[in-house]
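All remarks here apply to the structure that follows.
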Amino acid sequence: MFGLGSILYTFTMLGNSVCILNEERFLDNLGISRKSENAVVQQLSELIRTIKTLSFIPLIIINTLFIIYWLILG
């Protein structure tokens, strides 16, 4: 997996890491919440929430394809 495959794998892992962030336990401790008074922090919080919402199903499909790839081609 060199080139385009490794780039896709990297972005998949980054998407996974954004999707597993918990708002109550992790993001609030960093001061990133929708209730923040800072507009930039609110936008960052909404961006993370949007990414989590929109990429949930595609990430499941891409992760499944990577698992099948690794099982078949090792």
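Which of the residues that make up region 1-10 are surrounded by 11 or more Cβ atoms within 10 Å (Cβ to Cβ), hydrophobic (A, V, I, L, M, F, W, C) and either part of a helix (DSSP H, G or I) or touching a Lys or Arg at 6+ places or on another chain (Cβ under 6 Å) (or both)? Give the steps one after another, and end with the answer.
Of all residues in region 1-10, those surrounded by 11 or more Cβ atoms within 10 Å (Cβ to Cβ) come to 1, 5, 7-9.
Filter again for hydrophobic (A, V, I, L, M, F, W, C), leaving 1, 7-8.
Once the filter is applied, which keeps residues that are surrounded by 11 or more Cβ atoms within 10 Å (Cβ to Cβ), hydrophobic (A, V, I, L, M, F, W, C) and either part of a helix (DSSP H, G or I) or touching a Lys or Arg at 6+ places or on another chain (Cβ under 6 Å) (or both), region 1-10 yields I7, L8.
For the subset of region 1-22 comprising residues that are touching a residue at least 12 places away in the same chain (Cβ under 8 Å) and not hydrophobic (A, V, I, L, M, F, W, C), which member is farthest from I60 (Cα to Cα)? Across region 1-22, the extreme among qualifying residues is Y9.
Computed from the coordinates by the stated procedures, all read-outs in this text should not be read as laboratory data. Nothing here was measured: the structure is a model prediction, and the numbers come from that model. Quick reminder, even Gly has a Cβ in these numbers, built from the backbone with ideal geometry, and neighbours come from all protein chains shown.
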